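Asker: One structure, pasted below without further comment.
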Amino acid sequence: MEGFISKTKSKIYWCSLENGQKTWKLHDVDGAYTKRSDNYDPQKMMEKNKVNRELQFLRTESNLAKRKLHSDYIKTNSSHLDLACGRGGDLFKIEKTNPKIYIGIDSSPGAIKEALNRSQQIKMKHRMFLLDLTNERDTGFLNAKIKKYQVSSISMMFAFHYMLESQSKFETFVDFLSKINKTNHCVFYGITPNWNYIHKHAKNTLSFSPCEGCTIKALNLPEKIDKDNYAGLKYKFYAEGSVSENEDGLTEYLVFWPAVEQKFIDSGWSCEFVKPLDIFNGLYVQFMFKFTGNKI
Ligand SMILES: C[S@@+](CC[C@H](N)C(=O)[O-])C[C@H]1O[C@@H](n2cnc3c(N)ncnc32)[C@H](O)[C@@H]1O
């Protein structure tokens, strides 16, 4: 299990291959190592010079909401975990809250590389991990590496919808969160798509647009969702200039909150709130959530 030290003395860690080689490749659940497509590699994103104003507005408002959540829940001199940190877009927001250490995790090599570039501009102590949060082996490795830090806040911004590809992947993720070395009042918070909004619109039309430059295409969303069929419910999300593997968008999974919340409750968390974030013309396309209190 190794990492490498970059010029900036920042570390990126990942699970090493069995033959000892260091590589950007990630392994799959069955243990086979395969090269994944890197949907979040900034180099590969479809270039769009002009992002329309509605989408720009949505982004600005989302950034404000993220800034507020981080400043409310990250304590000075604490250890913070940023799950699916992406390109490190929150590094500067989080730095302002003065944590003792920032730990960023993402499964996209391109995104983590960019996060590392950005981290050259910050003074906050940080560690980056290139890992899949739904993979048991990766999360086991991660938990072992970070157990020396007692984490008091965990954030996950705009990425919950990648944790629900299957029930077992989601359970691996919840199990990982339960096993982290945490303080008594550790909080887990973030922003996630509003499943209700997506589901309601998908019933009427297969493809709809929450705002200009942004499309959601339902793939397999059943009319009735319950605790037995909540995982793997696919839709495609396209946002001009940012989430755009191709014109169809990226595959995401519905975050059916009743089942998600129950899984967290079963593993000792309590949900303090989940509420719509009115960031765009009362459309409530996002939910803010906060869990507290799980301690091993
Ligand atoms: C929409 S981006 C959000 C990035 C960042 N949190 C932000 O708010 O700017 C979603 C991120 O989730 C990451 N991701 C998706 N599936 C993941 C997984 N299984 N494990 C870790 N990261 C994952 C992607 O690589 C991507 O960087």
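Here, each number is a calculation from the coordinates, and none is a lab measurement. This one's a predicted model, so the numbers in the text were calculated from it and none came from an experiment. As a convention, Cβ positions derive from the backbone with ideal geometry for all residues, glycine included, and neighbour counts pool all protein chains shown.
Asker: So which trypsin sites (Lys or Arg not before Pro) in the range 67-155 pass both tests, a DSSP loop state and at most 16 other Cβ atoms within 10 Å of the Cβ?
Answerer: Those that pass, being in a loop and sparsely packed, are K75, K96, K100, K123, K125, K147, K148.
Asker: If you don't mind, another one. Taking R0 as 35 Å, what's the FRET efficiency between Q262 and T76 from their Cβ-Cβ distance, rounded to 0.05? Before the final figure, lay out each step's value.
Answerer: Numbers: r = 34 Å, r/R0 = 0.96.
Efficiency at R0 = 35 Å is approximately 0.55.
Asker: Here is a further query. Using 0.36 nm per residue, how much length does the chain from N181 to V274 gain when fully extended, once their Cα-Cα distance is taken away?
Answerer: Residue separation times 0.36 nm, minus the Cα-Cα distance, leaves 31.0 nm.
Asker: Could I ask something else about it? Roughly how many nanometres apart are two label points built 7 Å out from the Cα toward the Cβ at R137 and L64?
Answerer: Taking the two extended label points, one gets 4.6 nm.
Asker: Please compute the length gained on full extension between N117 and K148, using 0.36 nm multiplied by the number of residues separating them and subtracting their Cα-Cα distance. Please list the in-between numbers first.
Answerer: Details: separation 31, 0.36 × 31 = 11.16 nm, distance 2.55 nm.
Length gained between N117 and K148: 8.6 nm.
Asker: Say a paramagnetic label sat at a point 7 Å from the Cα of N220, along Cα to Cβ; which residues of the range 145-180 have their backbone N under 19 Å from it?
Answerer: 161-171, by backbone N distance to the label point.
Asker: Could you check the simple spin-label distance between D248 and L206, using points 7 Å along Cα→Cβ, in nm with one decimal?
Answerer: 1.1
Asker: Let a ≥ b ≥ c be the square roots of the eigenvalues of the Cα gyration tensor of the range 55-192; is it rounded (a/c under 1.5), or, if not, prolate (a/b larger than b/c) or oblate?
Answerer: Working: a/c = 1.38, a/b = 1.18, b/c = 1.17.
Judged from the Cα gyration tensor, the range 55-192 comes out rounded (a/c under 1.5).
Asker: Sticking with the crude label model, points 7 Å out along Cα→Cβ, report the distance from K234 to F92 in nm, one decimal please.
Answerer: Each label point is offset 7 Å from its Cα along the Cβ direction, giving 3.7 nm.
Asker: While we're here: Where a ≥ b ≥ c are the square roots of the eigenvalues of the C-alpha gyration tensor, would you call the range 111-219 rounded, which needs a/c under 1.5, or, failing that, prolate if a/b is larger than b/c, or oblate?
Answerer: Since a/c reaches 1.5 and a/b is larger than b/c, the shape of the range 111-219 is classed as prolate.
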